[in-house]
Amino acid sequence: MKISSARFATSAADYRDSPQTEMPEFAFIGRSNVGKSSLLNMLCNKKALARVSQKPGHTRLINFFVVNESWCLVDLPGYGYAKAPKAERNRFNDFVADYLEHRDNLTHVFVLIDCRHEPQKIDVDFVTWLVECEIPFSLVFTKSDKNKPGRIKTNRDLFLEALTEYVDGEPPSFITSSKNNDGRPELLRAIGTMID
Ligand SMILES: Nc1nc2c(ncn2[C@@H]2O[C@H](COP(=O)(O)OP(=O)(O)O)[C@@H](O)[C@H]2O)c(=O)[nH]1
Ligand SMILES: [Mg+2]
């Protein structure tokens, strides 16, 4: 799929403020700093579309971007903000949950996971919650330029193994790097098949 245009549409601080549109929507979520904004920029081939932050916990809003004037990318706030109190860390915003559970045009969720780490409980718990809610998702292992291919595959396999208890079959997974565009064609192809 070719990206001919990508533009910021709007931000919402509450699910009810989400824009009214029937365009298919693809949401990106993961821990703060996992590389969500960088991945959106990489996919759209635009450096400053979504804000990339050195500081975790920066994105507190749901940000909507329109691509090719026909579908949307959504940058959701990161869960697991390391500097928040522990009680808050294990919980993600109600409004993100509302969005994921009720947004009619939500087509697919991409869950970003840092490929350098072995499965983290917060990621496994979140994916398990998606399964319970019957929300379709894929796993995206980010920052592949920062780890050896063998280690990345091991971490991915461990994650898939941690899910077998909860998921029938294997969810689709991607390995990406926003530094070297690793995984870009595969992700765009997957999105393309879902909007046809
Ligand atoms: N080496 C490398 N760094 C990355 C990659 N993706 C993001 N980063 C860096 O990780 C930090 C957090 O990225 P950001 O996209 O803001 O993460 P977000 O909080 O999930 O939106 C920034 O310093 C990025 O430059 C990647 O694929 N490779
Ligand atoms: Mg971000």
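The values are calculated or read from the model by the stated rules, or taken from the named source; none is laboratory data. Not measured: the values here are computed from a predicted model. Methodologically, a virtual Cβ is constructed for each residue, glycine included, from the backbone with ideal geometry; neighbour enumeration extends over all protein chains shown. These accessible areas exclude ligands, DNA and RNA; they are computed on the full protein's heavy atoms, side chains included. Shrake-Rupley method; radii C 1.70, N 1.55, O 1.52, S 1.80 Å.
Brief remarks follow.
- Probe 1.4 Å, all protein chains present, accessible-area order of H108, H117, largest first: H117, H108
- Using the 1.4 Å probe convention, the accessible area of the range 6-195 works out to 51 Å² per residue with neighbouring protein chains retained.
- With all protein chains modelled, accessible area of F137 [1.4 Å, Å²]: 20
- Burial order of peptide ranges 70-76, 38-44 (average beta-carbon count within 10 Å, highest first): 38-44, 70-76
- Relative intensity, log₁₀ I(q)/I(0), of the chain from a Debye sum that treats every alpha carbon as a point, q = 0.12 Å⁻¹: -0.55
- Shown for the chain: lysine pairs separated by 8 or more places, or found on different chains, whose C-alpha atoms are under 16 Å apart, numbering 15.
- Amide H to amide H distances under 5 Å link R31 with Y79, where only residues 5 or more positions off or on other chains count and H is placed in the peptide plane.
- Counted over the chain, the DSSP beta bridges are approximately 40% antiparallel.
- Percent accessible area from carbon and sulfur atoms, the range 87-196, protein chains only, probe 1.4 Å: 44
- Mean Cα-pair separation over length for the chain, i.e. relative contact order, pairs under 8 Å, 6 or more apart, %: 23
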